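Quick notes on the structure that follows.
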Amino acid sequence: MRPDAWWTQPLLIFIVLSTFIVYATWAALQGQHYFYGPYISPFYSPGLFGNSPHSWFGPKPGWWPGWLPFSAALLILWAPGGFRLTCYYYRGAYYKAFWADPPACTVGEPRKRYLGEKSFPLIMQNIHRYFLYVALLFVVFLAWDVWKAMWFTDVATGKQQFGLGVGTLVLAVNVVLLGGYTFGCHSLRHLVGGMIDQLSRAPMRQRTYSCVSCLNRRHMFWAWTSLCWVMFADLYVRLCSMGVWKDVRIF
């Protein structure tokens, strides 16, 4: 029996992840207040359908089931959600916090049988490498949102002008943190540096592998900061849309 407070870390992880899951689910089901001016919540980007001016293909599609409440977020959140759910780091974190598998090092598990990730449903965790490909696209989409967040419509003339608001910075920080998390992914590290015996014989791949490894060394930092910030980014856009907060134009 460990004499230290080993339970504090899994408890904190349980609280943070539970808070995120509850908030993200609530925000995704709202279907409104997810855009404000040139800003769009990262929970709803890319906006494939919806009443937002950021929508790619127009309003709610006709094929959407009538019994299911429509929200543009429901069309895209499976991708970043699946990427985090199957992430190697997060798996170790929520296995301990939610399943006590194990709760901490040198602490016994509340079960006698161990199946690992070789049986259903945990064998599905191996799909993480494919979620990575989609997640890389999402970084591009969110970076494009930052560019669009630099163009504000002049109320008097109706023309767009280049500018910078607090919301622009919020979305930009979100891309930086998500980029650090995504480009430091273990699967990306294997993708750029795997299947070769000597990296020194492929200088470009070696440099790429070194960059990914540099980010990977702080994967835990990127995982938690990006998780909390993407939630804050949605909250910022949402409260500005509701008139609770006022976005400040820097120039």
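The values are calculated or read from the model by the stated rules, or taken from the named source; none is laboratory data. Since the structure is predicted, the reported quantities are computational estimates derived from the model, not experimental observations. We place every Cβ from the backbone using ideal geometry, glycine too, and count neighbours over all the protein chains shown. Just so you know, the surface numbers come from the protein's heavy atoms only, side chains and all, with ligands and any DNA or RNA stripped out. Shrake-Rupley method; radii C 1.70, N 1.55, O 1.52, S 1.80 Å.
Note on the range 192-209: residues that are in a helix (DSSP H, G or I), open to solvent by 90 Å² or more (accessible area, probe 1.4 Å) and among the hydrophobic types (A, V, I, L, M, F, W, C) total 1.
Taken residue by residue, the range 41-62 has no member that is among the small types (G, A, S), within 25 Å of G243 (Cα to Cα) and part of a helix (DSSP H, G or I).
Against the conditions (1) at pLDDT below 80; (2) over 26 Å from the mean Cα position of the chain (by Cα), P103 satisfies every one except (2). For the range 116-156, residues that are among the aromatic types (F, W, Y), within 18 Å of P38 (Cα to Cα) and open to solvent by 90 Å² or more (accessible area, probe 1.4 Å) total 2.
Every test in (1) part of a helix (DSSP H, G or I); (2) farther than 23 Å from S41 by Cα; (3) open to solvent by 20 Å² or more (accessible area, probe 1.4 Å) is passed by S213 save one, and that test is (3). Please find, within the range 41-67, the residue that is most open to solvent (accessible area, probe 1.4 Å) out of those that are in contact with a Leu (Cβ under 8 Å, 6 or more places away or on another chain) and under 25 Å from L227 (Cβ atoms). Within the range 41-67, the match that is most open to solvent (accessible area, probe 1.4 Å) is L48. For P10, the requirement of being at pLDDT below 95 and buried (at least 16 other Cβ atoms within 10 Å of the Cβ) is met.
Of all the listed residues (F70, F98), the sole one being touching a Phe, Trp or Tyr at 6+ places or on another chain (Cβ under 8 Å), outside any loop (DSSP other than H, G, I, E, B) and either more than 23 Å from L171 (Cα to Cα) or open to solvent by 60 Å² or more (accessible area, probe 1.4 Å) (or both) is F98. Filtered by the rule that a residue be of a type outside the set (F, W, Y), part of a helix (DSSP H, G or I) and within 19 Å of A79 (Cα to Cα), the range 172-190 gives N174, V175, V176, L177, L178, G179, G180, T182, H186, S187, L188. On inspection, F251 passes the criterion of being open to solvent by 10 Å² or more (accessible area, probe 1.4 Å), assigned to a loop (DSSP other than H, G, I, E, B) and touching a residue at least 40 places away in the same chain (Cβ under 8 Å). The numbered conditions (1) open to solvent by 30 Å² or more (accessible area, probe 1.4 Å); (2) free of Cβ contacts under 8 Å to residues at least 24 places away in the same chain; (3) not hydrophobic (A, V, I, L, M, F, W, C) are all true for G92 except (1).
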